[in-house]
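The values are calculated or read from the model by the stated rules, or taken from the named source; none is laboratory data. Keep in mind the model is a prediction, meaning the values are calculated, not measured. Cβ atoms come from the backbone with ideal geometry, glycine included; neighbour counts cover every protein chain shown. Surface accessibility is based on the protein's heavy atoms, side chains included, excluding ligands, DNA and RNA. Shrake-Rupley method; radii C 1.70, N 1.55, O 1.52, S 1.80 Å.
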Amino acid sequence: SDTLHDRLGQDRARARDRRDRWTPALVAVNPSARPRGGVLEATVTVYQDDVIVGRPDSRPGRPRVVRAPFLLAPDGTELPMQVLAAYEGYERLDSPRHYPDQDRVGAFRVAVQLPDVPAHGLSRLDVKSRNGITRARVRHPVTVSETTLSGNGMELAADPGGGFVLKSPDGRYAGLGGLESERDHGDTYTFQPVIGDNMLRATWSAPRVVCAGPLVAALARDFV
């Protein structure tokens, strides 16, 4: 938005004339009245090529981006990051005095462990090309197996009978996510069971891993 560009001191018209000085960045905005940090999910992009408008593009193809970038905190340290998805995309850069600039980009949906952003403030996270193995350490990582999620003293396990079981320092809670269907003769506010009705309970598939951690972990189960 124009407000965000103003806060960042960005002049899009002037920037279009100095493309050689562009440095990609992700801006994290904190709208709350207290400092906030934690795991942020966002999309970062890596420039690949210009999209030619008005004539066939006869240039030879360029190699695709195959490695995700990494992010630097304002103090220059690398932030722990997990790639959730990668795909090719397009990015349009607008300027009030220029024709829109369309680029082909490598897009990465990521989870990043973010330090506190000031209240009503923002943090600029520089996007850098990957060069080597990350040394950023994840605080309180989450792990996943074929049937269980674990992290920060809690465990969520697939229940063989359906749904999930949560184990925490406060106790054990079974039947989470269970689905039941039965007839109701009550009104908008009050449930009234139907005598002789046979309740239907969902039949669950085996769990499958959707995200493997260490910042975001997820299991999924289908039901019929």
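A few notes on this one:
- Computed over the range 1-139, the ratio Rg/Rh where both radii use C-alpha atoms and Rh is Kirkwood: 0.99
- In this view, the solvent-accessible surface of Ser32, computed with a 1.4 Å probe and all protein chains in place, comes to about 30 Å².
- The phi torsions of the range 152-157, fed into the Karplus equation with coefficients 6.51, -1.76 and 1.60 and a -60° offset, translate into couplings of 6, x, 10, 9, 10, 10 Hz, rounded to whole numbers, with Gly and Pro shown as x.
- Between Arg137 and Asp222, the FRET efficiency from the beta-carbon distance, with R0 = 41 Å, is close to 0.70.
- Using a probe of 1.4 Å on the protein chains alone, the accessible area found for Arg109 is around 80 Å².
- Largest first, the three principal axis extents of the alpha carbons in the range 70-224 are 71, 42, 34 Å in whole numbers.
- The Cα atoms of the range 27-91 cover 52, 24, 23 Å along the three principal axes, with the biggest extent listed first.
- Euclidean distance between Cα centres, the range 62-102 to the range 123-156, Å: 20 Å
- Separation in nanometres of the label points that stand 7 Å from Cα toward Cβ, at Trp22 and Arg172: 5.7 nm
- Computed over the Cα atoms of the range 1-51, the ratio of the radius of gyration to the Kirkwood radius (Rg/Rh) comes to 1.03.
- Spacing of the two label points (7 Å from each Cα toward its C-beta) at Glu91 and Val210, in nm: 2.7 nm
- Inter-probe distance in nm under a simple model that places probes 7 Å from Cα toward Cβ, at Arg109 and Met154: 2.2 nm
- Net lengthening on full extension, Asp184/Thr203 (0.36 nm per residue, minus Cα-Cα): 4.7 nm
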